[in-house]
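Q: Quick one: the structure is below, questions incoming.
The values are calculated or read from the model by the stated rules, or taken from the named source; none is laboratory data. All of these numbers come straight from a predicted model, not from anything done at the bench. Because the Cβ atoms are built from the backbone with ideal geometry, glycine has one as well, and the counts that use them run over all protein chains shown. All accessible areas refer to the heavy atoms of the entire protein, side chains included, with ligands and DNA or RNA removed. Shrake-Rupley method; radii C 1.70, N 1.55, O 1.52, S 1.80 Å.
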Amino acid sequence: MPFNKKLNLILFNLRGEIIMRKKIIAGNWKMNKTPKEAVELINTLKGSIDTDNVEVVVCPSIVCLSAVVEATKGTNIGVGAQNMHFEANGAFTGETSASMLAELGVKYVVLGHSERRQYFAETDVTVNQKTIKALEAGLVPIVCVGETLEDREQNVTIELVSLQTKIALKDVSAEDAKKVVIAYEPVWAIGTGKTATSEQAEEVCKAIREVLADVYGQETADVIRIQYGGSVNGANANELFNMGNIDGGLVGGASLTEGFADIVNYK
Ligand code: PEP
């Protein structure tokens with residue numbers, strides 16, 4: 001079999017063991033699609049996406065999760081939620097716990113998306129509480145970090161994103177940290193059509209990996225996957241996902257149609 005670059009960076013650790021980071025591309029459907037529409041899109045994608053070389057995840061609205069788990073049975077498409085609560089149960093009207101998601105067959109959960117930080121008062125501390133609970137329930141947390149345009153203009157992007165990453169992973173062991181996916185999503189690039197250049201995205205993803213190395217050591221940092229998110233589409237996915245520290249993407253708008261296949265099947 002020819003070497004497939006999507007199997008990504010193959011590194012060797014100090015003991016000469018192979019470290020491989022499989023690309024992970026997740027679609028965040030946000031508050032779009034009814035259960036019927038969600039299943040229709042899954043049925044379209046089933047025949048057109050490469051799930052051998054890329055870990056593919058779709059994150060529909062909570063009311064679609066059951067239907068999408070059912071529709072993806074027998075495929076390699078994973079299902080994720082867009083949020084969860086950090087408590088196990090209790091009087092939290094409208095909320096959903098990690099174990100409820102896990103029992104449904106959900107495998108991933110997006111945490112700390114900038115829209116949740118902006119509109120629903122999500123903080124670094126609650127992202128950390130949720131990350132811990134998600135890991136306990138066996139879910140893969142996709143932890144979003146990223147700077148606003150103002151932060152970037154003030155030249156504090158790296159400090160800010162480093163802090164968000166460190167707080168999100170506070171009290172998470174190295175073994176658990178290896179399961180976490182970090183999604184670097186510059187807020188100014190989300191839903192705006194303004195994509196970070198591959199160099200800008202790589203610079204921040206590399207800095208995140210350096211922070212992870214400071215906290216956990218290089219071997220652990222080399223295993224953790226870091227996505228880029230922000231106006232990814234079929235035309236820019238190739239360049240972004242071939243950068244050394246970008247291990248796939250979190251995709252919003254462009255994951256809502258069959259065009260998501262062009263992103264997953266990037267070259
Ligand atoms: C997102 O919602 O995480 C996102 C990156 O959105 P978009 O791709 O539409 O910018």
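Q: State all residues of the stretch 144-193 that are part of a loop (DSSP other than H, G, I, E, B) and of a type in the set (Ser, Thr, Tyr); if no residue qualifies, say none.
A: Residues satisfying the conditions are THR148, SER173, THR192.
Here's the yes/no breakdown for (1) open to solvent by 80 Å² or more (accessible area, probe 1.4 Å); (2) part of a loop (DSSP other than H, G, I, E, B):
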| site | (1), (2) |
| --- | --- |
| LYS33 | no, yes |
| LEU45 | no, no |
| ASP52 | yes, yes |
| LEU65 | no, no |
| VAL68 | no, no |
| GLY74 | yes, yes |
| GLY78 | no, no |
| HIS85 | no, yes |
| THR93 | yes, yes |
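Q: Restricting to the stretch 98-110, give me the number of residues that are over 14 Å from the mean Cα position of the chain (by Cα) and surrounded by fewer than 19 Cβ atoms within 10 Å (Cβ to Cβ).
A: Going through the stretch 98-110 one residue at a time, the tally reaches 6.
Q: Oh, and also: Restricting attention to the stretch 220-267, and to residues there that are acidic (Asp, Glu) and away from the ligand (no atom under 14 Å from the Cβ), which single residue is least open to solvent (accessible area, probe 1.4 Å)?
A: Going through the qualifying residues, I end up with ASP247.
Q: On the basis of being in contact with a strand residue (DSSP E or B) (Cβ under 7 Å, 6 or more places away or on another chain), modelled with pLDDT of 95 or more and farther than 18 Å from ASP247 by Cβ, does ALA81 make the cut?
A: yes
Q: Right, here's the next one. Tally the residues that are among the aliphatic types (A, V, I, L, M) and open to solvent by less than 10 Å² (accessible area, probe 1.4 Å), restricting the search to the stretch 136-159.
A: Summing the residues that are among the aliphatic types (A, V, I, L, M) and open to solvent by less than 10 Å² (accessible area, probe 1.4 Å) in the stretch 136-159 gives 4.
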